[in-house]
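Where a number appears in this text, it was derived from the coordinates with a stated rule and is not lab data. Predicted model only: the values in this text are computed from it and were never measured. So basically every Cβ, Gly included, is an ideal-geometry build from the backbone, and we count neighbours across all protein chains shown.
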């Protein structure tokens, strides 16, 4: 059981900043921010879940444990599924290099959950820390909830490429050979940028990244010495009662400060035959994944290839909605649809095998999903893209980007798309 209290606030943006600073006092943190992107499937403007390093609250590190925990506790669980969970769901393996060392799956039951919606701030505290609520509210609403964490010395960031340009072209052409042979129709080819023996201030770096991009599925996550600084524009999967929603992104174009040029770029993306083909293939894959559980005839493509402007890029997004049985286990929905089609390809399993063969690094949390399960079994998870991952113990900083290879792909254009997607992460790290 949780103690619940709701307060009215006057300045949501100031409260968001205060919540984020205040979270620095905790060992496990998940902060989710919609950056004021309200949509039909919007639930919260901001969500914060925290637990002290000394807490004995529940930790879950397996799918079976997750199912059991949800049934037993019927409480909030926050955490992530890494891309390499695929190896437990299918007959797949990952042997590529991993400099980050994040576990495959990690969820925790937070001591404190704080929900922001409009001008209402709701506190949900476990009983053992309920007496702290009044003091926490006072700190946060007076904007005194600043973290005790102090910025440590930075080590200059020297970013390296795991795959250099010539090797990228060679690998992209090998993907094209597989496509021309009929092994796959599409594959998402990713590459890592990294820095060794480096240190960053995670919270400040996240703030800069979020300010540049202001995406609808931003996330700051701290799990002791492991951090995710995420500026994701993409939703993987959301469950609201019997309704399940997936919103794959395929198709990216740059923005322009010139209004007429920006509109031209948007229209060009919306009519681009290759980008539309990418999006339609993945939308069909998502539709097929959701149909595994959906009630007959309930899977609907609600929007197809709509272009949305974000601060740095235009994105082509589709929305697929389905209805599932009342008694459907929420974790099974993840098992049936993970990893998301936008980060794999079609057919999914064949694409994942080829991806593993041609990429140089284990993806880990990149192209996985972060989010929460609520006490009713509803959930919301993003796609971990446009993100910086940091292991403070190993002093290893990493970000990865990718693009979809299809029959009409030009390796040079795919390479330039990767650099466009990498721009925000590189800029915030190089100024640290």
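Please tell me the relative contact order of the range 179-239 in percent, rounded to the nearest whole number, where contacts are Cα pairs under 8 Å and at least six residues apart.
Working: 45 pairs, mean separation 14.8, N = 61.
Contact order relative to length: 24 percent.
Go ahead and collect, in residue order, the members of the range 352-384 whose backbone nitrogen is under 19 Å from a label point 7 Å along the Cα-Cβ direction of residue 170. Answer for the range 352-384: 354-362. For the range 279-352 and the range 59-99, what is the separation of their Cα centres, given in Å? If we compute the Cα centre of each part, the gap is 20 Å. Between 0 and 90 degrees, the angle of helix 348-358 with respect to the longest Cα principal axis of the chain falls at about 80 degrees.
Label positions at residue 87 and residue 74, each projected 7 Å from the Cα along the C-beta direction, are separated by 3.7 nm.
When the convex hull of its Cα atoms is viewed from all sides, the range 315-432 shows a mean projected area of 10.4 nm².
Just the Kirkwood number for the range 1-147, please: inverse of mean 1/r across all distinct Cα pairs, in Å, one decimal.
On the way: mean 1/r = 0.0591 Å⁻¹.
The answer is 16.9 Å.
Run the quick spin-label model on residue 8 and residue 273: label points 7 Å from Cα toward the beta carbon, then report their separation in nm to one decimal. Each label point lies 7 Å from its Cα, and together they span 5.9 nm. Helix 411-430 and the longest principal axis of the C-alpha atoms of the chain enclose an angle of approximately 20°.
Roughly speaking, what is the stretch gain from residue 298 to residue 280, that is 0.36 nm per residue apart minus the C-alpha to C-alpha distance, in nm to one decimal? Present the calculation step by step, with values, prior to reporting the outcome.
On the way: separation 18, 0.36 × 18 = 6.48 nm, distance 1.87 nm.
Between residue 298 and residue 280, full extension yields an extra 4.6 nm.
Sequence-distant contacts, meaning Cα pairs under 8 Å at least 6 residues apart, place the relative contact order of the chain at 24 percent.
Comparing the range 223-375 with the 2.2 N^0.38 Å rule of thumb, its C-alpha radius of gyration ratio is 1.13 (two decimals). Compared with the dominant Cα axis of the chain, that is its longest principal axis, helix 202-213 is turned about 50°.
Hey, with R₀ at 30 Å, roughly what FRET efficiency would residue 61 and residue 256 work out to, going by the Cβ-Cβ distance, to 0.05?
0.10
Does the range 221-305 come out rounded, prolate or oblate by the C-alpha gyration tensor, with a ≥ b ≥ c the root eigenvalues, rounded set by a/c under 1.5 and, if not, prolate when a/b is larger than b/c and oblate if not? Oblate shape, in that a/c is at least 1.5 and b/c is the bigger or equal ratio.
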